[in-house]
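Here's the structure, in structure tokens; my notes come after.
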Amino acid sequence: MATLRMGSALIYQNGITHNRLPLRFICKSMTKATLPANGSVDVVLRRRSGNYQPSPWDHRYLLSIDNKYATEEKFVARDLLKNKVREMLDVEKTSCLEQLELIDDLQKLGVSYHFELEINKILTDFHHKNGRNVLECNKEEDLHATALEFRLLRQHGFDVSEDIFDVIIEKIQSDTFKSDDIKSIISLYEASYLSTTSDTKLHKVIRPFATEQVKKFVDSFDDDVKERESAIHALEMPYHWRMRRLETRWYIDAYEKKHDMNLVLIEFAKIDFNIVQSSHQEDLKYVSSWWKETCLGIQLPFVRDRIVENCLWTVGLIYEPQFGNIRRIMTIVNALVTTIDDIYDIYGTLEELELFTAMVDKWDINLLDELPEYMRRCFLTLYNEINGIGCNILKYKNINVIPFLQKSWADLCKAYLVEAKWYKKGYKPSVEEYMQNAWISISAPTLLIHFYCVFSDQISIQILETLSQHRQDVVRCSATVLRLANDLGTSPVTNPFFTL
């Protein structure tokens, strides 16, 4: 059986550390001699230092990573196993429930990207066969299949009504629900999180009931260790909220412990995991080399070297091996966001930050000498990288996105400047005023417009305009969630504006 390899770069192991608070930084002042933009007089300024810890990863070591588990022999073995798994998806050889459970396993094992057409066809057939809704769940024995089908269909964008659970809801409300099958209850619990704002039954009845039942099972210390582990895992976080690669690593171990585990499927998942990880490691080598070549970490020693963390972030965004170029671009964009954020948060004076903001807004390389020396390298790197991304998109997709990308950076810097002014002037905004600016300063709008441009095959000027003008509710909502999660994960020391 294949050996599941965790990369020597530790890019997965260090993704999440349980029972550990986020690292904090303590701002300290430091004296720094700075040469003004005109180069005329040395001025001694007291600047803040984030006191950031250096990266635990040595860049020379990152470049030496060699994944011996992703050889040509392994590719051949993977493809042979893939064909066997494809045969398992044959609708004529399996029952409806077996198909649904197989699709769920493929998804959680991180290999569903190999079978997107087959999976979409199966789910489309399910949806068409049953009309707009899945079959109504009339008995507790049907609950697992119905809840699983509901969840998978909604995960793949099909319109399915919550009304299919009406009979179960009636039994819950009348206290006549008798099922003690924890597998069905967990499926119901997971399905309840695939809800919309209009799904009142899922919110008010299904989720509270299922949550209570799953917690009771966990607290009972049942002898079924595997089901108890699954229940604890489900309670921690819904599947679609998780980072897929980390979930895959967990589920491979969990699936291997199942009594009905399929040897072909687990072998396929392990080999594929190693192959996919090797592509991520190549991405890491590329962006690590890029970071060293920019010399930003040397010329701006106060900024965070977080290239590995930024790379992991993009793996969470899009992990499939065929999207390596997108991951590399988005890691670079993330690294630039981190660097500029540190300039505004920690190092720059208000006068310098206003100059930098104006420079990004004008996007004119001929005005570079107006900036302080330490800012020139940063702006030049930003200017070259964003123009390079835009030129490649123009070459291959025949559309000029540079003005939209540039505006996203200008908007981000303006939001950073607002927060810098608040901090330096000791002003504490209201929650409403803070959030009006903070959903932009979290950088989600900037990141998402870049992702749209590099990922989409058919870029729309109309969509670019709505993104650029901040008229996409889905972007604002996503950015707000990211901002609140970020702020709740840090202390008032690191975020002087966020107070309870």
Given R₀ = 45 Å, FRET efficiency for Cys96-Asn392 by Cβ-Cβ distance, to 0.05?
0.50
In whole angstrom, and with the biggest value first, how far do the Cα coordinates of the chain range along each principal axis?
82, 55, 47
In the chain, helical segments from DSSP H whose Cα atoms cover 20 Å or more along their own axis and that average at least 0.5 on the Kyte-Doolittle scale are 473-488
Taking placed amide H atoms and a strict 5 Å upper bound, the residues 5 or more places from Ser55 or on another chain that come that close are Asp305
On average over all directions, what projected area in square nanometres does the stretch 92-261 have, based on the convex hull of its Cα atoms?
10.0
What distance in nm lies between label points placed 7 Å from Cα along the C-beta direction at Lys121 and Ser456?
3.0
Under the rule of at least 5 residues apart or a separate chain, name every residue whose amide H is placed under 5 Å from the amide H of Arg47.
Met30, Thr31, Lys32
So for the stretch 237-300, using the alpha carbon gyration tensor with a ≥ b ≥ c as root eigenvalues (a/c under 1.5 gives rounded; past that, a/b versus b/c decides prolate or oblate), I'd call it prolate
Trypsin sites (Lys or Arg not before Pro) restricted to the stretch 46-113 and DSSP loop, no more than 12 other C-beta within 10 Å:
Lys68, Lys93
Normalised Cα Rg of the stretch 367-465, dividing by 2.2 N^0.38 Å with N its residue count, works out at 1.27
Trypsin sites (Lys or Arg not before Pro) restricted to DSSP loop in the stretch 252-302 with at most 16 other C-beta within 10 Å
Lys257, Lys258
Once R0 is set to 25 Å, what does the formula 1/(1 + (r/R0)^6) return for the Cβ-Cβ distance between Asp181 and Glu229, expressed as a FRET efficiency to the nearest 0.05?
0.90
How much mean residue ellipticity at 222 nm does the chain get from its helices, if each DSSP H run of length 4 or more adds -39500 (n - 2.57) and you divide by all residues, to the nearest 500 deg cm²/dmol?
-19000 deg cm²/dmol
Of Ala415, Leu371, Asn437, which is farthest towards the positive pole of the stretch 371-451's charge dipole, taken about the Cα centre with +1 and -1 on the beta-carbons of Lys, Arg and Asp, Glu respectively?
Leu371
Hey, with R₀ at 41 Å, roughly what FRET efficiency would Met261 and Thr211 work out to, going by the Cβ-Cβ distance, to 0.05?
0.90
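Every number here is computed from the coordinates shown, using simple stated rules; none is lab data. Note that the structure is predicted; figures quoted are calculated from it, not measured. Positions of Cβ are generated from backbone atoms using ideal geometry, with glycine treated the same way; all protein chains shown enter the neighbour counts.
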